[in-house]
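For reference, the structure is listed below as structure tokens.
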Amino acid sequence: MMKDQRSQSNRFSSGNNRMVNLEKIVFGITRILTYVILFCACFIFWDIISKGSRKLFTDDGFINWSFLSESPQTLHVIEHNGEISKLSSDEYFKFKEELSDSAWDELNSRDEFTKVQKRLKANLVTATEVTSNEVQKSLLTSFIQDEQTEATEKFTYWMELLENASSHAPDFQVSSENMPYLVGRFILAFLDQTKLKYSLLETELSFFQALHYPKIDHLSSQSIQKIKLAYFNLLEEHLHKIWEAYIAEKKNLKENINDFLQSPSPTSFSTLESQIIGYMENPLLLKENSASLLEAITSDLQWIGSEHRIEVPSKDYAYSGGGIFPAIAGTILLVGGAMLIALMLGVCCAIFLSEYGKSGKFLSLVRLSILNLAGVPSIIFGLFGMGLFVIFLDWNVSILAGWFTLAFMVLPIVITASEESLRSIPKGFRESSLALGATKWTMIRTSVLPYAMPGILTSAILGVARVAGETAPIMFTAAFAMRSELPWEGLEHWTDFFFQGVMALPYHIYVISKIPQNEYTVDMQYGTALVFLILVFLLASLSFIIRSRLRRKFNW
Amino acid sequence: MIKEKKAPSYPIAIDVKDLSFSYGKTEVLSSISLQILQNQVTSFIGPSGCGKSTLLRCFNRMNELIEHAKITQGSVLINELDIYEKSVDPIELRKRIGMVFQNSNPFPKTIYQNVSYGLKIQGFKNKRKIDEIVEDSLQKAALWDEVKDRLNENAYELSGGQQQRLCIARTLAVQPEIILMDEPCSSLDPVATARVEELIFNLKQDYTIVIVTHNMQQAGRISDLTAFFYLGKLIEFDETKKIFINPKMQQTEDYISGKFG
């Protein structure tokens, strides 16, 4: 008997080899695939962390605070004294200023500079004296007269052309029917020329052109007369305007000249230089006698400029310098506001669905639409937000529009999770509350919502990651590619806060991935991505901590 | 068939007249008529699904919260007032008629907050008054001595029996006239059950108590009157002694002797 049993002790060994092999294969495949996924995940994180830390940490291993606290800037890579350095715009211009300051100090000690300065002073004084008000007034009068004479000649010629085309211009080969059109083109070209000549009159001349365009297009001898009159009036009226502008400018110039002569410095020099250039461009001053004087002044100015200004050639890379602080601030604002709105709307909706709604067709319709909402691609939410908030409600590209767009996007998550968590509250709490004489709302407020809060916050954790990460919904509604001002800076009224666009991390990553790529933009991308990951992680863990605290408080 | 025996010294607290009740199309109570007497313990016994809990919940209109549940016929009079009349506010009604549930279900709050909950939602502001009522209620529920030093501890740190007595104290705090108990001891161990039973016996002096129980011995121990339900019908209603010693109906006798149930 015993022997029998022992010989049969193997009856539990597998008789079916195929099934065993299949088992092994399935086990192998599932295991390998899991490892592949694990490897991919590790690779992604390793990639972002290793490349991103190049930007986030300095070479000595400290956190790169300027990356976290500055606005995005252009990166200037310069070679100075054989040393290559990477500077953000701010640093670059400061560096240039320092260089020119030291060059200026050196220049100051040279005798040549004193000589040039003396000559310049004499010339400037003469120039401003020569162009004294009285002289200038007579110059202006003759100038206006010259202009009018020129215009009169032109108009007379055109009128004659109109009246008798063949006699005055036999070489035109234009039939008399087409002549008005041709003369009209002449007038337009003439006005364009005047515009170029007097840039201060550009707006008025464009307006004049537009106003008289119907007449110019259908010329007749009467209408050309009217145009001529109107044009003369315009000259009379507006050349005085230029004159007034000139007087003001001259006063300003005199002050600047004094500034420069009393305390020569690179700054006062640059101001003076740019003004003199503007002064020379003023056609009223281009009289023969002052032209040579101005030329002398210019050459002296040029000499001083070339002696103390040091060019630092640099290679510029847009968006690759500075930091991402406005984007971090913008993302935090967007996430915070959107979650607040989503939670308020979502919890109200969930309360209605789980507590008040009577199950029926209406409720299933609501549920169905919420489910469908969850399936809508985020770009569609972006378009919806642009259509409704940005355009129809006229909020423009603003935080507020972004908040609502993002809130609508996460609403399905929030509603579903909140409803689930409301339903999971034991019936006993509701019943005992009601049995103690609570109204339904009191019951919800005191003995359902507080205990459902951990579950609702779970939905918030899911929502935060989604809201922070989406680019498409904010692209049209809230995000600016570049805005160095922080959201709380430069507000005229507190409501302006809601109606301004902000930078956001995901959109910033998108923007710096669209510009021409080089090693510096890549560093910037990975640095931003790493900061972004850390930020999302921090936001999520914040709600995680709140949730676990609530759980501990309301434990049953 | 239905025995309506009134003990003459006690006035009627709840008068059920020909009551039928259904969930959707399923009738769960049909033509129930009985009278519950003041300052007496009335127990409802019967097998599962016989409608005893449903009838209990008709007394404070808790059934209304279930969809499709409605009274099809008859009325419930409390203090000679039909509680299903339109002018009756169920919230006010439930303040007068307290209820203790099968599972001890204190709120996940402190002991003090649990007892004062009913007062808080009714808008009581006077802290000293609330303190007084809380102490009084805990005294009445025979829990005061056990918890007076730890009123600010979470109610879930109490034992099961203490939790159930806390729920009774919570009900007492809103000062009801009638207390409905839906199998209050079904999840308690024998020692805790004994304490609750003792408590019920003492509460009888101030309150009218209706108790649903699965435990026939319990009904025998604590109640003055007993009603036996079967399949939605009231089979027999009489003094407890008579029901247990000398039942009139065959079904009652079968149930009590354990032939089914």
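Checking A:ALA529, A:ALA465 one by one, the residue that is under 30 Å from A:ILE391 (Cα atoms) and small (Gly, Ala, Ser) is A:ALA465 and no other. Candidates are the residues of the stretch B:48-78 that are on the phi > 0 side of the Ramachandran plot and within 11 Å of chain A (Cβ to nearest Cβ); the one that is surrounded by the most Cβ atoms within 10 Å (Cβ to Cβ) is B:ARG61. Only one entry of B:LEU166, B:LEU151 meets the criterion of being within 12 Å of B:SER116 (Cα to Cα) and part of a loop (DSSP other than H, G, I, E, B), and that entry is B:LEU151.
Per-residue answers, yes or no, for (1) among the charged types (D, E, K, R); (2) crowded, with 18+ Cβ neighbours inside 10 Å; (3) more than 14 Å from chain B (Cβ to nearest Cβ):
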site	(1), (2), (3)
A:LYS315	yes, no, yes
A:ILE328	no, yes, yes
A:GLY337	no, yes, yes
A:ALA342	no, yes, yes
A:GLY346	no, yes, yes
A:SER354	no, yes, no
A:GLY357	no, no, no
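Restricting attention to the stretch B:79-122, the residues that are facing chain A (nearest Cβ under 8 Å) and among the polar types (S, T, N, Q) add up to 3. Residues in the stretch A:425-459 that are more than 10 Å from chain B (Cβ to nearest Cβ) and either touching a residue at least 24 places away in the same chain (Cβ under 8 Å) or crowded, with 21+ Cβ neighbours inside 10 Å (or both): A:ILE425, A:ILE444, A:VAL448, A:LEU449, A:ALA452, A:MET453, A:PRO454, A:GLY455, A:ILE456, A:LEU457, A:THR458, A:SER459. Set side by side, the residues A:SER548, A:SER513 differ, and just one is over 20 Å from A:ILE49 (Cα atoms) and more than 14 Å from chain B (Cβ to nearest Cβ), which is A:SER548. Scan the stretch B:147-177 for residues that are surrounded by fewer than 24 Cβ atoms within 10 Å (Cβ to Cβ), within 12 Å of chain A (Cβ to nearest Cβ) and more than 15 Å from B:PHE107 (Cβ to Cβ) and jot them down. The answer is B:GLN175, B:PRO176.
Scanning the stretch A:131-149 for residues that are within 48 Å of the chain's Cα centre (by Cα) and either in a helix (DSSP H, G or I) or at pLDDT 80 or above (or both) yields a count of 9. Only a single item in (1) of a type outside the set (Asp, Glu); (2) under 17 Å from A:GLY357 (Cα atoms); (3) within 10 Å of chain B (Cβ to nearest Cβ) is not met by A:THR416, and it is number (3). If the condition is being free of Cβ contacts under 8 Å to residues at least 60 places away in the same chain and either polar (S, T, N, Q) or within 19 Å of A:GLY501 (Cβ to Cβ) (or both), then the stretch A:306-333 contributes only A:SER306. Could you please let me know if A:SER378 is of a type outside the set (Lys, Arg), under 13 Å from A:LEU406 (Cα atoms), surrounded by 11 or more Cβ atoms within 10 Å (Cβ to Cβ) and out of contact with any Phe, Trp or Tyr (no Cβ under 7 Å at 6 or more places or on another chain)? Yes, satisfied. Exactly one of (1) buried (at least 16 other Cβ atoms within 10 Å of the Cβ); (2) touching a strand residue (DSSP E or B) at 6+ places or on another chain (Cβ under 8 Å); (3) at pLDDT below 85 is unmet by A:VAL511. Its number? Condition (3) is where A:VAL511 drops out. Screening the candidates B:LEU93, B:LEU119 for the property of being touching a residue at least 40 places away in the same chain (Cβ under 8 Å) and at negative phi yields one hit, B:LEU119. Residues satisfying the criterion are present in the stretch A:54-62 (criterion: hydrophobic (A, V, I, L, M, F, W, C) and over 26 Å from the mean Cα position of the chain (by Cα)).
Cβ separations smaller than 6 Å between residues 6+ apart or across chains give the following pairs from the stretch A:488-510 residues that are under 20 Å from A:VAL522 (Cβ atoms) to residues that are assigned to a loop (DSSP other than H, G, I, E, B) and of a type outside the set (Gly, Ala, Ser): A:MET503/A:PHE480; A:MET503/A:ARG483; A:PRO506/A:THR471; A:TYR507/A:THR471; A:TYR510/A:THR471. In the stretch B:188-206 there is no residue matching the filter, namely being under 30 Å from B:ASN79 (Cβ atoms), touching a residue at least 24 places away in the same chain (Cβ under 8 Å) and within 14 Å of chain A (Cβ to nearest Cβ).
So for the stretch B:172-189 (the condition being at pLDDT 85 or above, among the β-branched types (Val, Ile, Thr) and touching an Asp or Glu at 6+ places or on another chain (Cβ under 7 Å)), does at least one residue qualify? No, there is no match, as no residue in the stretch B:172-189 is at pLDDT 85 or above, among the β-branched types (Val, Ile, Thr) and touching an Asp or Glu at 6+ places or on another chain (Cβ under 7 Å).
Helices (runs of 4 or more DSSP H) fully within the stretch A:165-222 that include at least 2 residues being at pLDDT 80 or above and more than 40 Å from the chain's Cα centre (by Cα): A:179-197, A:202-217. In the stretch A:261-301, the qualifying residues are those that are of a type in the set (A, V, I, L, M, F, W, C) and modelled with pLDDT under 65, and the one that is nearest to the chain's Cα centre (by Cα) is A:MET280. Kindly indicate whether any position in the stretch B:230-242 is within 26 Å of B:SER30 (Cα to Cα), modelled with pLDDT of 90 or more and not small (Gly, Ala, Ser). No; the residues of the stretch B:230-242 include none that is within 26 Å of B:SER30 (Cα to Cα), modelled with pLDDT of 90 or more and not small (Gly, Ala, Ser). The helices (runs of 4 or more DSSP H) falling completely within the stretch A:1-117 that include 1 or more residues that are over 30 Å from A:VAL522 (Cα atoms) and charged (D, E, K, R) map to A:2-7, A:17-56, A:89-108. With respect to (1) on the phi < 0 side of the Ramachandran plot; (2) in contact with a helix residue (DSSP H, G or I) (Cβ under 9 Å, 6 or more places away or on another chain); (3) more than 14 Å from chain B (Cβ to nearest Cβ), the lone exception for A:GLY490 is condition (1). Remark: B:GLU92 matches the filter, which requires a residue to be acidic (Asp, Glu), within 19 Å of the chain's Cα centre (by Cα) and closer than 21 Å to A:ARG430 by Cβ. The residues of the stretch A:41-70 that are in contact with a helix residue (DSSP H, G or I) (Cβ under 8 Å, 6 or more places away or on another chain) and among the aliphatic types (A, V, I, L, M), listed by number, are A:ILE48, A:ILE49, A:LEU56, A:ILE63, A:LEU68.
The values are calculated or read from the model by the stated rules, or taken from the named source; none is laboratory data. Just so we're clear, the structure is a prediction, and the values are computed from it rather than from any experiment. Because the Cβ atoms are built from the backbone with ideal geometry, glycine has one as well, and the counts that use them run over all protein chains shown.
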